[in-house]
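Report on the structure given below.
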């Protein structure tokens, strides 16, 4: 078992609660988790000149971010006594080319909430989830993330 250490926002070392391990061979090939539960074919999307016959890192990141944010939303909603069992999160991850020939990402999180949470209550809930979500905390200051409440 791997026990990794990470620093929190204040620089204090924390022990990892769980460590996911996956190996990939590049944008074309395979990505496999250490337990074998994830085993996907990778291929560049047609929009980037690839075959599109596999998933790509941006799709995997989008799926992970959407799932993580939905979990954070549920946690925060429970604390605030709201029911978000019918809510959903869609992550749109864009691959962008920078001026220095480096690549980057952009993210839009579309959060569909029940009617009773439209407006300011829903916006406050989504903002609170954005403070709790590990993906949001990892990307903050590194990747532009737009929050859209629907």
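Every read-out reported here was derived from the displayed coordinates using simple, explicitly stated rules and does not represent laboratory data. As the structure is a computational prediction, the values presented were derived from the model and not from experiment. We place every Cβ from the backbone using ideal geometry, glycine too, and count neighbours over all the protein chains shown.
What shape does region 23-102 have by the C-alpha gyration tensor, where a ≥ b ≥ c are the square roots of the eigenvalues, rounded means a/c under 1.5, and otherwise prolate means a/b greater than b/c and oblate the rest?
Numbers: a/c = 2.72, a/b = 1.74, b/c = 1.56.
Judged from the Cα gyration tensor, region 23-102 comes out prolate (a/c at least 1.5, a/b above b/c).
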Enter the angle in degrees (range 0 to 90, nearest 10) between the Cα long axis of helix 57-79 and the first principal axis of the Cα atoms of the chain, meaning the one along which they spread out most. 20 degrees
What whole-number distance in Å separates the alpha-carbon centres of region 17-46 and region 110-138? 29 Å
Need one word for region 14-64: rounded, prolate or oblate. Basis is the Cα gyration tensor (sqrt eigenvalues a ≥ b ≥ c); a/c below 1.5 gives rounded, then a/b vs b/c decides. prolate
Show that you can apply the helix-only estimate: for the chain, add -39,500 (n - 2.57) for every DSSP H stretch of four or more residues, divide by all residues, and state [θ] at 222 nm to the nearest 500. -9000 deg cm²/dmol
Simple spin-label model, 7 Å along Cα-to-Cβ: residue 47 to residue 71 in nm? 2.6 nm
In Å, the Kirkwood hydrodynamic radius from C-alpha pairs for the chain sits at 17.3 Å
From the mean inverse distance of alpha carbon pairs (Kirkwood) and the Cα radius of gyration, derive Rg over Rh for region 77-126. 1.21
Specify the angular offset, from 0 to 90 degrees and rounded to the nearest 10, of the alpha carbon long axis of helix 120-132 from the longest principal axis of the alpha carbons in the chain. 50 degrees
Per the rule of 0.36 nm per residue minus the C-alpha distance, extending residue 32 to residue 99 adds in nm 20.9 nm
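Just want to confirm a number: the relative contact order over the chain, from Cα pairs under 8 angstrom separated by 6+ residues, in percent.
Details: 227 pairs, mean separation 22.6, N = 150.
It comes to 15 percent, rounded to a whole number.
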Hey, in the GNM for the chain with a 10 angstrom Cα cutoff, which one of 61, 103, 69 fluctuates hardest? 103
